[in-house]
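As structure tokens, the structure follows; a few thoughts come after it.
The values are calculated or read from the model by the stated rules, or taken from the named source; none is laboratory data. Because the structure is predicted, anything quoted here is derived from the model rather than measured. Neighbour counts are summed over all protein chains in view; Cβ atoms, including those assigned to glycine, are modelled from backbone coordinates with ideal geometry.
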Amino acid sequence: MMGTRVISTVLTLLAAVVAWPSVAVGQSVYSTIQRVQQRTVKVFGAGGIKRLHSYSTGFVVSSAGHVATVWSHVLDTEELIVVLADGRKIPAKVLGAEPQLDLAVLELKGDDLELSAWDLEADSSDAGPGTRVLGFSNMFRVATGDEMVSVMHGVVAAKAPLTTRSGAFETSYEGTAYIVDAVTNNPGAGGGVLTTRGGRLLGMIGKELRNAASNTWVNYAVPMSELKLPIQQIIAGKYRARQRGPDETDAVARFRPLEFGIVLVPDVLFRTPAFIDRVQPGSAAATAGLQPDDLVLFVNGDLVQSCRVLKQRLGRIDAGGTLKLTVRRGDKLVPVEMPVPDKPLTPAPGQAKTKPPGGSK
Amino acid sequence: MRAVRVPEWRMGRVTGWLSFCLVAAAAGSAVAQDLTVVDLETREEQAFKEASAVVAPAVVRIQTVGGLDRVGRILTGTAATTGVVVSPDGYVISSAFNFVSRPASVLVTLSDGRRFPAKIVANDRARMLTLLKIDVVGLAVPKTAPRDGFRVGQWAIAMGRTYESPLPNLSVGIVSALNRIWGRALQTDAKISPANYGGPLVDIQGRVIGVLVPLSQRQAGQTAGVEWYDSGIGFAIPMVDILGTLPRLKAGEDLLPGLMGITLKPGDVYASAAVIDRVRFNSPAEKAGLKPGDVIVSVDGQAIKRLVQVRHALGNKYAGETITVLVKRGEKSVEQKIELTGKLEPYTPVFLGLLPVRKKLGEASDGVTVRGILPESPASKAMIRPGDRVVQLDDKAVVDLAGLFDAISRRRVGDEVKVHVDRGGAKQMLTARLAVVPSEVPAVLESDVIVAPDPKPADLPKTGRFNQDLTGHDHSFWAYVPETYNPAHGYGLVVWIHPGSDTMEADIHDLWKPICDERGLILVGPRAKEIAGWSLNEAGFIEALVQEMQQKYRIDSQRIVLHSYSDGCRFSFHLAFKYRSLFRGVAASSEPLKIAPPENRPDVRLQFFFSCGDKDNLYRLVQQTRKRLTAMKFPVVLTTVPGEGHSYPPIPVLDAIARWIDMLDRI
């Protein structure tokens, strides 16, 4: 009897010791990689011509067989195939998508799949610049046949909005993203995951993207905080796709500089700075104290690069309310405010207004 | 029975404990290892974040307004860039690349959100940095990492402020190499790009190692090195060096790379000794008394055994700095202190005014025989006559034309030279005072028309007008070779670069056929891939085309010229500057020069012939081009076509171009 007690104590202690690592505060990168690999899949579909790759990556979001991946041309086929980490090839179909989040959710065809899956609630996390990360993806289709996807390392470079209002990025996702200090966004990498070294799920690796403002390629991931709910709703069949706002480029220009009494210098260069040539006497601009040779730098807090950008911004402001400008006068930055008329007078294209709508507030 | 069980139980217990201990030890060490790994990873990550947090208050966001949209081949960006505070009274250092568009206005946003307009105070053109000033005091200045602490392999964190975020963006890497770019920068494998140009490279202790800039070891210039962004190769200028130059920059002084004014004899840069070949006129080297033939033995105490070491020694010196050079002149050793300059006087080609006889294939060379004397030239004033054979210039024997070119290229305008000629068997010595190359083409220049060979050789290449594809290139060209082509004579080569949308083949052929026949020229008309116009990367095709013609025909390398009209000229200027040793002249019509020409060189000539109608909108710009090139001492002829607008030059101007080409081999 004593023997049994000792043996059972030993066994209990043994079990505790063996179980300890998973209870430990953090996990080493090796155990993270093992776990995450099990939940990452390779997606094969449409493409393969004219430099459009026919493959991407995905991650398992339910053990019943749902995979989240990036919304792309690869999914545009009846013959979508998902290859699991253990090598099984499963046909799939698109269950739902949200292009504005770069997101699509696939349903794997088959019963009793019992996959190793992410628990989006429990496993997701946020991180800031400097956090060490791992990226998992089938970039360049390096993983052939049954092989596991590739792993890269780096840090979070920044967490910031991808678009500025000047539309610098050409992407459907327009929210805050993880900018990654690692070359994660390669052909086929979209739909892969970004995790911490301890195994926390940070986001989904996005598409190849070029920042038009700096003329450089950007590596980004859509944060899980944006994707969690839509994924769960798509799986539950309750997702309603977002309505896209009215396309701003189609809008007729609502306001022009002249309506505030501002006459800009002739716009002859590609980026003519927005210098004020004249201020019409008695106008809103005159009352606000604007002067000739002032350089308009900010409209409602956003930098104005040129005359063209200033006209675009004014074309989009709403009627009523206040227009806040910051101008450079000599060596000083001078903020001014002026009222925006309630009823914008939108002249027919080509007709210049000569009288500002004075006193309409 | 109990007595029998007790020993068994004891054995089991011992075994049990033993196995427990072993397993526990194994599991324990695995866990301990796991924990150690986790612990180190977490601590390193914490260190990255803390190091960047320490420096972040001194990292500023820079935005620009206005400016050019394209500089050279780079599109300038409009994204925010980065700078580092270097002085509490409002001085910020940044990468010169951030201002390459020459913006109308510069704004600096501090880490606390305050925004200021900034003034550009000065530029360091050797290290590609720009100093800005904003009107504020009491700024935090980061600690500087000392130079003796730099280690290849140490952590290096690159910081920038390009995104709309209160936290700076980071990239983590290591220091990959020290003393790159001729000693100016250290190299890192962190991702360096416009996202962090101008920002700090920080060590794990939160000290600034350097400021990030794009650089290339092969070329200088405002946009050099940008093509390497995010490649794993990035450069930072050590902050200790920047602080050393800060007083001069603050005073508004632009810093330039220091030049001595010598060229070294070409050889294997890694093996040959450093022998001075030429000394530039009025340069610090000339003023210090250095002479061609001197062997540089040491610079600032560092022994020079190989040519390349001279570049390393001078690589990070500024104009205004003084170096000590020890040279060997014959048996003597001479030491000189030399103050480096920022600008050297351009080389001015000299003009004697004699036209050499063109040797036929196989003819022996014993001096240079004169085929003609240009009117009003130093040669005519010295009474040199056609038929004279030049055998010596001052104290140097002249064996062939190449030797005479080289000898004359070492002289200055205004020098008196003694020309020794053989005139009908008798030796004569004539004195000439060298002048500037004239900017006019003489109204008359006789040509020796080449006659067809008799008997006709069996392997004569194609003559007349023909079309051909260039093997190995996806391009075609047309050509005209005089029907009387004689392989014993050297022919000039005119490369016609057509304007966009129109190859002008028929017109050019009809106009140039008689000129080619008269002056012994071969004309090639390459065709651009896209009918819309030339792309600069088709330059390789043109080089290959010229080499192909040189193989098939006997081409006189002194008379290979580019001829272009209107927007074709942009490509022809690019070719002339890119292949300096190939093209001797550019005859451009109705288009100004928009790119910066390289320096004039004594060893390879480059001359220009411009023509433009005075009613052409571009006429004034073409005149400015002539002024600019003349200031750089290139020989330029500008022919105005009165009453004409934007059109291809008329026949009299083409005849002038033909005479100009015929004179390109003048001394």
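With a requirement of 3 or more residues that are of a type in the set (D, E, K, R), the strands (runs of 3 or more DSSP E) lying completely within the stretch A:21-114 that satisfy it span A:89-98.
A search for C-beta distances below 7 Å between a residue of the stretch A:296-316 that is at the interface with chain B (Cβ under 9 Å from one of its Cβ atoms) and without any contact (Cβ under 8 Å) to a residue 40 or more places away in the chain and any residue that is assigned to a strand (DSSP E or B) and small (Gly, Ala, Ser), counting only pairs 6+ apart in sequence or on different chains, returns A:297/B:105.
Residues that are in a loop (DSSP other than H, G, I, E, B), surrounded by 18 or more Cβ atoms within 10 Å (Cβ to Cβ) and not charged (D, E, K, R) within the stretch B:289-302 comprise just one, B:290. Taking the criterion of being of a type in the set (Asp, Glu), over 36 Å from the mean Cα position of the chain (by Cα) and assigned to a loop (DSSP other than H, G, I, E, B), the residues of the stretch B:422-454 that qualify are B:446, B:448, B:454. Here the condition is being crowded, with 18+ Cβ neighbours inside 10 Å and within 14 Å of another protein chain (Cβ to nearest Cβ); of A:43, A:29, it holds for A:29 alone. Do we have any residue at all in the stretch B:402-411 that's assigned to a loop (DSSP other than H, G, I, E, B), within 40 Å of the chain's Cα centre (by Cα) and on the phi > 0 side of the Ramachandran plot? No, the conditions are met nowhere in the stretch B:402-411.
Criterion applied to B:241, B:203, B:230 was being away from chain A (no Cβ under 12 Å), within 26 Å of residue A:131 (Cβ to Cβ) and of a type in the set (D, E, K, R), and the one residue passing it is B:203. Tell me whether the stretch B:149-159 contains one or more residues that are within 23 Å of residue A:159 (Cα to Cα), in contact with a Phe, Trp or Tyr (Cβ under 7 Å, 6 or more places away or on another chain) and either in contact (Cβ under 8 Å) with a residue 60 or more places away in the chain or not hydrophobic (A, V, I, L, M, F, W, C) (or both). Yes; the residues of the stretch B:149-159 include at least one that is within 23 Å of residue A:159 (Cα to Cα), in contact with a Phe, Trp or Tyr (Cβ under 7 Å, 6 or more places away or on another chain) and either in contact (Cβ under 8 Å) with a residue 60 or more places away in the chain or not hydrophobic (A, V, I, L, M, F, W, C) (or both).
Filtering A:107, A:114, A:174 for residues that are acidic (Asp, Glu), at pLDDT below 95 and either crowded, with 19+ Cβ neighbours inside 10 Å or on the phi < 0 side of the Ramachandran plot (or both) leaves a single hit, A:174.
When residue B:657 is tested against (1) at pLDDT 95 or above; (2) surrounded by fewer than 16 Cβ atoms within 10 Å (Cβ to Cβ); (3) of a type in the set (A, V, I, L, M), just one condition goes unmet, and that condition is (2). When B:234, B:160, B:199, B:173 are checked against the criterion of being in contact with a Gly (Cβ under 9 Å, 6 or more places away or on another chain), closer than 24 Å to residue B:80 by Cβ and at pLDDT below 95, a single residue qualifies: B:234. Filter the stretch B:260-275 down to the residues that are more than 23 Å from residue B:633 (Cα to Cα) and touching a residue at least 24 places away in the same chain (Cβ under 8 Å), then identify the one that is surrounded by the most Cβ atoms within 10 Å (Cβ to Cβ). Selected residue: B:274. Going by what's in this entry, would residue B:421 be described as touching a Pro at 6+ places or on another chain (Cβ under 7 Å) and buried (at least 20 other Cβ atoms within 10 Å of the Cβ)? Criteria not met by residue B:421. Scanning the stretch A:208-236 for residues that are crowded, with 21+ Cβ neighbours inside 10 Å, within 22 Å of residue B:79 (Cβ to Cβ) and of a type outside the set (Ser, Thr, Tyr) yields A:211, A:218, A:219, A:221, A:222, A:223. Among the residues of the stretch B:473-480, not a single one is in a loop (DSSP other than H, G, I, E, B), modelled with pLDDT of 90 or more and at positive phi.
Among the residues of the stretch B:363-387, those that are part of a loop (DSSP other than H, G, I, E, B) and within 20 Å of residue B:402 (Cβ to Cβ) comprise B:363, B:364, B:365, B:366, B:367, B:384. Tell me which residues, restricted to the stretch B:198-215, are touching an Asp or Glu at 6+ places or on another chain (Cβ under 8 Å) and either surrounded by fewer than 23 Cβ atoms within 10 Å (Cβ to Cβ) or assigned to a helix (DSSP H, G or I) (or both). Of everything in the stretch B:198-215, just one residue is touching an Asp or Glu at 6+ places or on another chain (Cβ under 8 Å) and either surrounded by fewer than 23 Cβ atoms within 10 Å (Cβ to Cβ) or assigned to a helix (DSSP H, G or I) (or both), namely B:206.
A count restricted to the stretch A:259-276 and to residues that are outside any loop (DSSP other than H, G, I, E, B) and within 14 Å of chain B (Cβ to nearest Cβ) stands at 3. If only residues of the stretch A:286-295 that are outside any loop (DSSP other than H, G, I, E, B) and over 20 Å from residue B:63 (Cβ atoms) are counted, the one that is nearest to the other protein chains (Cβ to nearest Cβ) is A:288.
Filtering the stretch A:45-70 to residues that are over 21 Å from residue A:234 (Cβ atoms) and in contact with a helix residue (DSSP H, G or I) (Cβ under 9 Å, 6 or more places away or on another chain) leaves A:47, A:52, A:53, A:54, A:55.
Every condition in (1) within 14 Å of chain B (Cβ to nearest Cβ); (2) under 23 Å from residue A:342 (Cβ atoms); (3) at pLDDT 90 or above holds for residue A:279 except the one numbered (1).
Scanning the stretch A:208-240 for residues that are polar (S, T, N, Q) and away from chain B (no Cβ under 14 Å) returns A:225, A:232, A:233.
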